[in-house]
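Trainee: Got a structure here, written out as structure tokens. Questions coming.
The values are calculated or read from the model by the stated rules, or taken from the named source; none is laboratory data. Just so it is clear, the model here is predicted, and its values are computed rather than measured. Reconstructed Cβ throughout: ideal geometry from the backbone, glycine too, with neighbour counts over all protein chains shown. Note: accessible area is taken over every heavy atom of the protein model, side chains too, but ligands, DNA and RNA are not part of it. Shrake-Rupley method; radii C 1.70, N 1.55, O 1.52, S 1.80 Å.
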Amino acid sequence: MTTNPVSVSEESRRTIIITGAGSGIGRASARLLLSQGWNVVLAGRTEEKLHQAADGNPRALAVAADVAQSADVAELFEKASARFGRIHALFNNAGTFGPAVHVGDLSEEDWDEVCAVNLTGAINCARQAFNHMKDHGGGRIINNGSIAAQVPRPQSVAYAVTKHAITGLTRSMELDGRPWGITASQIDIGNAASEIMDQLGTSTGALQADGTRKVEPTFALEEAARAVAFIANAPASAAVNQLTITAAGMPYIGRG
């Protein structure tokens, strides 16, 4: 993967919008892409965290936005375009895990909350990006799926269902975007050392399919960011349909 900083002119500089950029994988990806010469629009609910992630970089723009609100997302893209012009890429990263329960204990309120961020939020951002790219010569949309889009954990029904839906979104956009040079990619990340891993208890014992608890390996957020950057930096002639990156030795292959 090419991850070294790239020397670029202002005229050739590319712009990416990253949702959920105030922490975790979004924050790490924003910082790496800034170091590689990208203009980066950092979006999230808490403006203070976005400014901390941007760290005063002049090529960063922090925009407070709730992706579940279509008006917020429209304003996000308007501000991004007003500042940088063409938007070349979107990292559709914002997400929430939701409650650790089985389907019988999943409340309607919790289901709606997870869907609002993971599904409605993803669609809101994809729609705006797609229409902008359709009018500006194409681009790349990267959806954060999670390995829960492939193999769920126990008691993760809301998260697993919404992340499986992201696969449908990615594949649909990849087809629909072809006439305008829009490619869609999905990155499925397993056990990057983010706040969600603390919620799951990977360092103290995460629930396994057989009912036991197991301490699981994690890997650095910066490595997940390198994978995101690899997709973002791929030439327009290359479609990265799906990329899976996990902590070595985590319970994924042969999970259970």
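Trainee: Ala62's amide H: which non-local residues (gap 5+, or another chain) put their own amide H closer than 5 Å, with H modeled 1.01 Å from N in plane and none for Pro or chain starts?
Mentor: For Ala62, the qualifying residues are Leu42.
Trainee: At 1.4 Å probe size, what's the solvent-accessible area of Arg14? Round to the nearest 10 Å².
Mentor: 80
Trainee: Going by amide H atoms built from the backbone, whose H comes under 5 Å of the H on Gly139, apart from near neighbours?
Mentor: Counting only residues 5 or more places away or on other chains, the set is Ile182, Thr183.
Trainee: Right, another one. For the stretch 119-255, evaluate the Debye formula with one uniform point scatterer on each Cα (no solvent term) and list log10 I(q)/I(0) at q = 0.09, 0.14, 0.21 Å⁻¹, rounded to two decimals.
Mentor: Per q value, in the given order, log10 I(q)/I(0) is -0.30, -0.68, -1.24.
Trainee: Placing +1 on the Cβ of each Lys and Arg and -1 on the Cβ of each Asp and Glu in the chain, which of Ala227, Asn191, Ala122 has its Cα farthest towards the positive end of the resulting dipole?
Mentor: Sorting the options by dipole projection puts first Ala227.
Trainee: Hey, another quick one. Find the Cα radius of gyration of the stretch 1-122, compare it with 2.2 N^0.38 Å by division, and give the number to two decimals.
Mentor: After normalising by residue count via 2.2 N^0.38 Å, the value is 1.16.
Trainee: Please give the calculated 222 nm ellipticity per residue for the chain, where each DSSP H segment of at least 4 residues contributes -39500 (n - 2.57) and the sum is spread over every residue; nearest 500 deg cm²/dmol?
Mentor: Helix contribution divided over all residues of the chain: -11500 deg cm²/dmol.
Trainee: Once the Cβ-Cβ distance between Asp112 and Arg13 is put in as r, and R0 is 35 Å, what FRET efficiency do you end up with, to the nearest 0.05?
Mentor: So, using R0 = 35 Å, E works out to roughly 0.30.
Trainee: Moving to a separate point now. Could you give the dipole magnitude of the chain about its Cα centre, charging the beta-carbon of Lys and Arg +1 and that of Asp and Glu -1, in debye to the nearest 20?
Mentor: The dipole magnitude comes to about 840 debye.
Trainee: While we're looking at this one, here's another question. Using the crude model of +1 on Lys and Arg Cβ and -1 on Asp and Glu Cβ, and no other charge, please compute the dipole size for the stretch 1-139 relative to its Cα centre, in debye to 20.
Mentor: The calculation lands at about 860 debye.
Trainee: What does the C-alpha gyration tensor say about the overall shape of the stretch 24-91? Classify as rounded when a/c is under 1.5, otherwise prolate if a/b is larger than b/c, or oblate.
Mentor: Oblate shape, in that a/c is at least 1.5 and b/c is the bigger or equal ratio.
Trainee: Treating only the Cβ atoms of Lys and Arg (+1) and Asp and Glu (-1) as charged, compute the dipole magnitude of the stretch 174-256 about its Cα centre; round to the nearest 20 debye.
Mentor: Computed about the Cα centre, the dipole is about 160 debye.
Trainee: Skip the ligands, DNA and RNA, and give the accessible area per residue of the chain with a 1.4 Å probe, whole Å².
Mentor: Using a 1.4 Å probe on heavy atoms only, each residue of the chain averages 45 Å².
Trainee: Measure nothing fancy, just the Cα-based angle from helix 70-84's long axis to the longest principal axis of the chain, in degrees from 0 to 90, nearest 10.
Mentor: 40
Trainee: With label points built 7 Å along Cα→Cβ from the Cα atoms of Lys214 and Glu48, find their separation and express it in nm.
Mentor: Modelled inter-label distance: 3.9 nm.
Trainee: Another question, if that's okay. Toward the positive end of the charge dipole of the chain, about the Cα centre and with charges on Cβ (Lys, Arg +1; Asp, Glu -1), which of Ser23, Phe84, Ala65 goes farthest?
Mentor: Phe84
Trainee: If r is the Cβ-Cβ distance from Ser237 to Glu195 and R0 is 35 Å, what FRET efficiency results, to the nearest 0.05?
Mentor: With R0 = 35 Å, the Cβ-Cβ based efficiency is 0.45.
Trainee: For the chain, set up a Gaussian network in which alpha carbons nearer than 10 Å are linked by springs, and say which option among Gly20, Gly181, Gly190 fluctuates the most.
Mentor: Result for the chain, Cα springs under 10 Å: Gly181 fluctuates most.
Trainee: I've got another one for you. First compute the accessible area of the chain with a 1.4 Å probe, then give the percent of it belonging to carbon and sulfur atoms.
Mentor: With neighbouring chains kept in place, the figure for the chain is 50 percent.
Trainee: Using 0.36 nm times the number of residues separating Val101 and Glu78, minus their current alpha carbon distance, what extension gain do you get?
Mentor: Working it through step by step, the gained length comes to 4.4 nm.
Trainee: Shifting gears a bit: Hey, can you grab everything whose amide H is under 5 Å from the amide H of Thr244? Only 5+ residues off in sequence or another chain; H modelled, so Pro and N-termini drop out.
Mentor: Under 5 Å from the amide H of Thr244 lie the amide H atoms of Asp188, each far enough along the sequence or on another chain.
Trainee: Explain nothing, just compute: Karplus ³J(HN,Hα) = 6.51 cos²θ - 1.76 cosθ + 1.60, θ = phi - 60°, for every residue of the stretch 100-115 in order, whole Hz, x for Gly and Pro.
Mentor: 3J(HN,Hα) across the stretch 100-115, in whole Hz: 8, 9, 7, 4, x, 9, 7, 6, 4, 5, 5, 4, 4, 5, 5, 5.
Trainee: Applying the Karplus parametrisation 6.51 cos²θ - 1.76 cosθ + 1.60 with θ = phi - 60° to the phi angles of the stretch 216-222, what ³J(HN,Hα) value in whole Hz is obtained for each residue in order, glycine and proline being reported as x?
Mentor: Coupling constants for the stretch 216-222: 10, x, 10, 9, 5, 4, 4 Hz.
Trainee: Once phi is turned into ³J(HN,Hα) by the Karplus curve 6.51 cos²θ - 1.76 cosθ + 1.60 with θ = phi - 60°, what whole-Hz value does each residue of the stretch 229-246 show in order, with x for glycine and proline?
Mentor: Those phi angles translate into 5, 4, 5, 4, 8, 5, x, 4, 6, 10, 9, 9, 5, 7, 9, 10, 9, 9 Hz.
Trainee: Something else about it: Evaluate the Debye formula for the chain with equal point scatterers sitting on the alpha carbons, no solvent, and hand back log10 of I(q)/I(0) at q = 0.16 Å⁻¹, in q order, two decimals.
Mentor: Relative scattering, expressed as log10 I(q)/I(0), comes to -1.19.
Trainee: When the label point is put 7 Å from the Cα of Asp135 along its Cα-to-beta-carbon vector, which residues of the stretch 168-182 have a backbone N closer than 19 Å?
Mentor: 177-182
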